[in-house]
Amino acid sequence: MNAARTAGPPAPAPGRGALKRTLDDLALFGGRAAFLRPLSVGTPNPVDRVRLYERLDWALDNQWLSNGGPLCAEFEARVADLAGTRHAVATCNATSALHLLVRAAGLTGEVIMPSLTFAATAHAVQWLGLTPVFCDVDPRTGLIDPDLARAAVTPRTSAVIGVHLWGRPCDTTALEKLAADHGLHLFLDAAHALGCTHGGVPVGAAGAAEVFSFHATKVVGAFEGGAIVTDDDALAARVRALANFGKGLDEVSQAGGTNAKMSEAAAAMGLTSLDALPAYVEANQACQRGYRDGLARIPGLTLRLPDDTERHNHQYTVLEVDEHVTGLGRDLLMELLRAENALVLPPIGSPPCHLLEPYRSRQAYALPHTEALAARTISLPTGPGVGPESVRRLCETIRFAVAHGAELTARHRRTDRKGPA
Ligand code: T4K
């Protein structure tokens, strides 16, 4: 990435309240914020604007702006290359990509998936009249537990969707066996896992197909975008046709279709963002190293870092807070950091799908590992806009807060009861 040409906001400057010595120094209790400008999770990664505008100019001159244009084809080739698959079909977003797979496979009835995922995984299925069935995760990984997925199979089950949550690949070998044993379709929601490997192999070729997201907040963004990657020639042709109003499908199998195509503008952005993927990964990794060093040996705090024997995009850094040890709950720690202008968020999957409507009022689930993880974790800012100094400052603030966990919680309760002065 050419930094000089990549205009973006400068890294968040420290506020005058950067150093915390007493509880009164915390912005939560009226002190000065540690960050002058907000330090956010989900800030889009900056792109080389000159290159982006060149590509947009080229598309405008070319007078071909959608419907499988040359930039879209180039984007698909590069995504397939990254995923190690024969095909990539670019779409307007990942939710539509999941819709296409549900339709292309002719799924019916129930689809098993983890509840610890973004709502889109479940909504994509229920929007088409199917029933998502949620199963619990392995508490060590936060990923779908294949044994529990197997236990959830009924005669109505037509598919399983595994999710590579936070870019950590789920156990596709066990899920493939489950699918084969029961004659089910297996799809993978790889929205977070572009550029990651599983057993040294790029994420993308497991199950019948995998789906990436290129939403603005993802490691590679196309403003909005998605892609289905697969080695199945027939499936690729079918989803491509379904994404384009069903054109090209023969009369007998005519299934109608939708419009889920990627525009040339999105492909221009996606390509320019892909150009910088190594730089994004490096920046994310530097943030993760900073968090690992800055939050080391704090009782009650655990960083859920990716497996370092695999290639990873390091986009999501998740911190787990054990309130019984810290004396400070996840929600209060988030409130405290947000007051400091560090706009941390619950990670993707919190709240989990089974606690969201329309699922919550339809069926009660007992998913203890999912609920525990969703309630105890925080997503920390990463990316080129964050920088080591911001990470260091954030870690210092967290360290200070946890060192005074019980005292801080008690004071917050008293302040809360009194209400605003
Ligand atoms: N499967 C999984 C596992 C997913 O995580 C997702 C999407 C999907 C499937 C479906 O993919 P797509 O159909 O979207 O391609 C956002 C994104 O809209 C969504 O793509 C993403 N996952 C999800 C985890 O996050 P919201 O509604 O939570 O976004 P929002 O508006 O609350 O923004 C999150 C943070 O990002 C905030 O701190 C603001 C910041 N932000 C956001 C945007 C859009 C920016 O700084 N700039 C921006 O342009 O869904």
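Computed quantities for the displayed model
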read-out: Label point 7 Å beyond Cα of D331 along Cβ direction - residues of the range 369-398 with amide nitrogen under 17 Å; value: 371-379
read-out: Charge dipole (debye, nearest 20) of the range 49-275; +1 at Cβ of Lys and Arg, -1 at Cβ of Asp and Glu; value: 260 debye
read-out: Highest average packing first - 203-209, 120-126, Cβ atoms within 10 Å; value: 203-209, 120-126
read-out: The range 67-165: equivalent-ellipsoid semi-axes (sqrt of 5 x gyration tensor eigenvalues, Cα, Å); value: 28, 17, 11
read-out: Dipole axis of the range 49-275 (+1 Lys, Arg; -1 Asp, Glu on Cβ), positive-most option in L130, G162, L188; value: L130
read-out: Mean projection area, nm², convex hull over Cα of the range 209-265; value: 4.4 nm²
read-out: Cα-based equivalent ellipsoid of the range 280-418: semi-axis lengths in Å, sorted from largest, via gyration tensor; value: 25, 22, 14
read-out: R156 versus L36: modelled label distance in nm, points set 7 Å from Cα along the beta carbon direction; value: 5.8 nm
read-out: H182/Q285 FRET efficiency (R0 41 Å; Cβ-Cβ; nearest 0.05); value: 0.60
read-out: Around V386: net Lys/Arg minus Asp/Glu count, Cβ-Cβ under 14 Å; value: +2
read-out: Integer Hz, Karplus 6.51/-1.76/1.60 couplings in order for the range 34-39, x for Gly and Pro; value: 6, 10, 5, 9, x, 9
read-out: Length added when fully stretched, A216-R413, from 0.36 nm per residue minus Cα-Cα; value: 67.2 nm
read-out: Length released on extending from R362 to L65, taking residue separation times 0.36 nm less the Cα-Cα span; value: 102.6 nm
read-out: Where labels lie 7 Å past Cα in the beta-carbon direction, separation of D147 and L56 in nm; value: 5.3 nm
read-out: Charge dipole magnitude, Cβ of K and R +1, D and E -1 - the chain, Cα centre, debye nearest 20; value: 1480 debye
read-out: Of all accessible heavy-atom area on the chain, the percent that carbon and sulfur account for (1.4 Å); value: 54 percent
read-out: Gain in span if fully extended, R140 to H324, counting 0.36 nm per residue against the direct Cα distance; value: 64.4 nm
read-out: Solvent-accessible heavy-atom area per residue, rounded to whole Å², over the range 31-97 at 1.4 Å; value: 51 Å²
read-out: Measure of compaction for the chain (Cα Rg per 2.2 N^0.38 Å); value: 1.03
read-out: Scaled radius of gyration (Cα, divided by 2.2 N^0.38 Å) that the range 49-275 gives; value: 0.99
read-out: Pairwise label distance in nanometres, E389 with R338, each label 7 Å out on the Cα-Cβ vector; value: 2.7 nm
read-out: Per-residue ³J(HN,Hα) for the range 98-110, Karplus 6.51 cos²θ - 1.76 cosθ + 1.60, θ = phi - 60°, Hz, x for Gly and Pro; value: 5, 4, 4, 5, 4, 5, 4, 7, x, 5, 9, x, 10
read-out: Neighbour net charge for A191 - beta-carbon separation under 11 angstrom, K R +1, D E -1; value: -1
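The values are calculated or read from the model by the stated rules, or taken from the named source; none is laboratory data. Keep in mind that what you see is a predicted model, and the values were worked out from it rather than measured. No Cβ is skipped: glycine too gets one built from the backbone with ideal geometry, and neighbour counts run over all protein chains shown. Note: areas computed on protein heavy atoms with side chains; ligands, DNA, RNA excluded. Shrake-Rupley method; radii C 1.70, N 1.55, O 1.52, S 1.80 Å.
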